[in-house]
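Participant: This is the structure, below, for whatever I ask next.
The values are calculated or read from the model by the stated rules, or taken from the named source; none is laboratory data. Everything numeric in this text was worked out from a predicted model, so none of it was measured. Cβ coordinates were reconstructed from backbone atoms using ideal geometry, including for glycine residues, and neighbour counts include every protein chain displayed.
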Amino acid sequence: MDKLVIEGGKKLHGEVPVSGAKNAALPLIAATLLAPGVHILHNVPDLRDTRTMLKLMGQLGVQSRWDGAVVTVDTTHLHHGEAPYELVKTMRASVLVLGPLAARLGAARVSLPGGCAIGARPIELHIKGLEQLGARCCLENGYVDVTTTKRLQGAEICLTVPSVTATENLVMAAVLAEGTTVLKNAAKEPEITNLVDMLLGMGAHIEGRESDVLTVHGVSRLRPADCRIIPDRIEAGTYLLAIAATGGEGRITHCNPGHLAALLEKLRATGLVIEESEDSVTIKQPAAAKGLRSVDITTRPYPGYPTDLQAQFMALMTLANEESTIKETIFENRFMHVPELQRLGAMIRIEGNTAFVTGTTGLAGAKVMATDLRASSSLVIAGLAARGRTEISRIYHLERGYEYLVEKFSGLGAVIWKEKE
Ligand code: EPU
């Protein structure tokens, strides 16, 4: 196992390009199951999770090939198969094959993911929605088995929570169903719009793009896709917050600033100067160095402040001038980073789903442990800002979601490297 070592306290400077979005790449790879033939996906990030998804596709007879950031996926020889526990436990997004397999093959078998480091994360909305589309879902031996005797049938489905992957699964199932499906209270994250655009390009009929009501008129077949993955807004936000936390200045390129609006508003409120162009964001320190203002956040579905940038914003707030309140409303257990940040000297108190962060004048390096993907990136930010050496163990979490992390931070002047534990 590798650990990440950081000699902190250096201001980050320069430019960093953003990779394709993990959480868009995963559903888009799954969506290739919907049409036989050769699909081409551009701007795919080379991550542990995208590799896992392609491995899972391989078990279903799907062949894939990487050529830089372009992945060619051949679904011609798709056959029945399952997403086994060994894969699903390392990547919950494996559940995204349920919808497309039910629609195309009339059968899917996926291990139930179980709980994880950030909460219970049930998938009953995926299952209930598929049942409303006419599938039979059966839970046995830790697996969910989805079967259909005939083509899925359009239905009206209302999600009680705007779940991102449930929306993706159900849209993918509905595009090949007979008749019209209306999906209400759908999530409208940019990654879903990326998926909708891919499906439209494949010949699907979907209305309500970017809204919380998606109307899908089923078609009997789709053609292979040629589609580009959107930039990773969470990766972009992580680099912005890291530059800010070290007191540095820099530019994030190849991104979509519109997808980062909630974060940019909060960064501006801290006093940082943020300039946007069509595909980049520049971050600068305020003219008179007054220190960072404490700013409160509450996580919400898009376009609200993203839960996937909560831990990283908290790392920044440990260095602000007063107290900030950080409220997590999406996941019930997403404060695993707090005790680790405290090891670096952060002053944080938790009450229920709210963390109260009192700014300090500086953090000091320590040995810490990564617990999940975004918790890990908050520790990287804190470690970069802290004086002295920080060692982060269990960095396989980071490898799930950040492409070329060491190289990108090194390019910004950070002293950071991987070592065997
Ligand atoms: N929920 C239910 N029942 C369901 C599904 C979800 O109660 O059947 C609840 C969840 O427990 C949670 C809330 O709904 O409280 C929202 O969860 P959602 O289903 O939207 O999360 P997800 O689809 O499993 C995706 C991202 C996560 C991101 C969340 C929220 C992917 C592959 N994953 O997960 O990304 O945090 O949406 O935006 O898109 C990450 O990248 O680090 C990550 C965890």
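Participant: Please tell me if residue 187 is more than 16 Å from the ligand (Cβ to nearest atom), touching a helix residue (DSSP H, G or I) at 6+ places or on another chain (Cβ under 9 Å), touching a residue at least 12 places away in the same chain (Cβ under 8 Å) and not polar (S, T, N, Q). Explain how you work it out, then say what you get.
Facilitator: On the way: more than 16 Å from the ligand (Cβ to nearest atom): no; touching a helix residue (DSSP H, G or I) at 6+ places or on another chain (Cβ under 9 Å): yes; touching a residue at least 12 places away in the same chain (Cβ under 8 Å): yes; not polar (S, T, N, Q): yes.
When the stated conditions are applied, residue 187 does not pass them.
Participant: Further question on the same structure: Restricting the search to region 139-159, which residues are in contact (Cβ under 8 Å) with a residue 12 or more places away in the chain and part of a strand (DSSP E or B)? Lay out the reasoning, then the answer.
Facilitator: Residues of region 139-159 in contact (Cβ under 8 Å) with a residue 12 or more places away in the chain: 139, 142-159.
Hits for region 139-159 are 139, 143, 144, 145, 146, 147, 153, 156, 157, 158.
Participant: Out of the strands (runs of 3 or more DSSP E) lying entirely within region 190-273, which hold 1 or more residues that are without any contact (Cβ under 8 Å) to a residue 12 or more places away in the chain?
Facilitator: Details: elements: 205-207, 213-217, 226-228, 249-253.
Those strands (runs of 3 or more DSSP E) span 205-207.
Participant: Next question, about the same structure. Please indicate, with yes or no, whether at least one residue in region 35-44 is modelled with pLDDT of 95 or more, farther than 21 Å from residue 195 by Cα and loosely packed, with under 15 Cβ neighbours inside 10 Å.
Facilitator: Taking every residue of region 35-44 in turn, none turns out to be modelled with pLDDT of 95 or more, farther than 21 Å from residue 195 by Cα and loosely packed, with under 15 Cβ neighbours inside 10 Å.
Participant: A further question on this structure: How many of the residues making up region 341-376 are of a type in the set (Asp, Glu) and either in a loop (DSSP other than H, G, I, E, B) or within 16 Å of the ligand (Cβ to nearest atom) (or both)?
Facilitator: Taking region 341-376 and keeping what is of a type in the set (Asp, Glu), we get 351, 372.
Narrowing the set further to residues that are either in a loop (DSSP other than H, G, I, E, B) or within 16 Å of the ligand (Cβ to nearest atom) (or both) leaves 372.
The number of residues fulfilling the criteria is 1.
Participant: Considering 384, 379, 319, which residue is assigned to a helix (DSSP H, G or I), away from the ligand (no atom under 16 Å from the Cβ), within 24 Å of residue 9 (Cβ to Cβ) and not β-branched (Val, Ile, Thr)? Break it down into steps so the answer makes sense when it comes.
Facilitator: Values: 379 fails: away from the ligand (no atom under 16 Å from the Cβ); 319 fails: assigned to a helix (DSSP H, G or I).
Of 384, 379, 319, the one residue that is assigned to a helix (DSSP H, G or I), away from the ligand (no atom under 16 Å from the Cβ), within 24 Å of residue 9 (Cβ to Cβ) and not β-branched (Val, Ile, Thr) is 384.
Here's the yes/no breakdown for (1) free of Cβ contacts under 8 Å to residues at least 12 places away in the same chain; (2) loosely packed, with under 15 Cβ neighbours inside 10 Å; (3) of a type outside the set (D, E, K, R):
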{"position": "334", "(1), (2), (3)": "no, no, no"}
{"position": "339", "(1), (2), (3)": "yes, yes, yes"}
{"position": "359", "(1), (2), (3)": "no, no, yes"}
{"position": "397", "(1), (2), (3)": "no, no, yes"}
{"position": "407", "(1), (2), (3)": "yes, yes, no"}
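Participant: Does at least one position in region 58-75 carry a residue that is away from the ligand (no atom under 16 Å from the Cβ), in contact with a helix residue (DSSP H, G or I) (Cβ under 7 Å, 6 or more places away or on another chain) and modelled with pLDDT under 95?
Facilitator: Checking region 58-75: not a single residue is away from the ligand (no atom under 16 Å from the Cβ), in contact with a helix residue (DSSP H, G or I) (Cβ under 7 Å, 6 or more places away or on another chain) and modelled with pLDDT under 95.
Participant: Tell me, which helices (runs of 4 or more DSSP H) lie completely within region 1-107 with 2 or more residues that are among the hydrophobic types (A, V, I, L, M, F, W, C) and touching a residue at least 40 places away in the same chain (Cβ under 8 Å)?
Facilitator: Numbers: elements: 22-31, 48-58, 85-88, 98-105.
So the answer is 22-31, 48-58, 98-105.
Participant: Also, I was wondering about something else. Here are the criteria: (1) more than 22 Å from the chain's Cα centre (by Cα); (2) of a type in the set (Lys, Arg); (3) in a loop (DSSP other than H, G, I, E, B). Tell me which single one residue 128 does not satisfy.
Facilitator: The failed condition is (3).
Participant: Another question about this same structure. So if I check each of 193, 167, which one is within 16 Å of the ligand (Cβ to nearest atom), surrounded by fewer than 18 Cβ atoms within 10 Å (Cβ to Cβ), of a type in the set (S, T, N, Q) and within 22 Å of residue 330 (Cβ to Cβ)?
Facilitator: Details: 167 fails: surrounded by fewer than 18 Cβ atoms within 10 Å (Cβ to Cβ).
So the residue among 193, 167 that is within 16 Å of the ligand (Cβ to nearest atom), surrounded by fewer than 18 Cβ atoms within 10 Å (Cβ to Cβ), of a type in the set (S, T, N, Q) and within 22 Å of residue 330 (Cβ to Cβ) is 193.
Participant: Residues in region 83-118 that are within 23 Å of residue 25 (Cβ to Cβ) and small (Gly, Ala, Ser): how many?
Facilitator: Residues flagged as within 23 Å of residue 25 (Cβ to Cβ) and small (Gly, Ala, Ser) within region 83-118 amount to 9.
Participant: Quick one: residue 104 ticks every box in (1) surrounded by 20 or more Cβ atoms within 10 Å (Cβ to Cβ); (2) among the charged types (D, E, K, R); (3) within 22 Å of the chain's Cα centre (by Cα) except a single one, so which number is it?
Facilitator: Every condition holds for residue 104 apart from (3).
Participant: Which pairs turn up if I take residues in region 109-131 that are modelled with pLDDT of 95 or more and among the acidic types (Asp, Glu) and look for partners that are more than 9 Å from the ligand (Cβ to nearest atom) and part of a strand (DSSP E or B) with beta carbon separation below 7 Å, at least 6 apart in sequence or on another chain?
Facilitator: That search, which allows pairs on different chains as well, returns 131/137.
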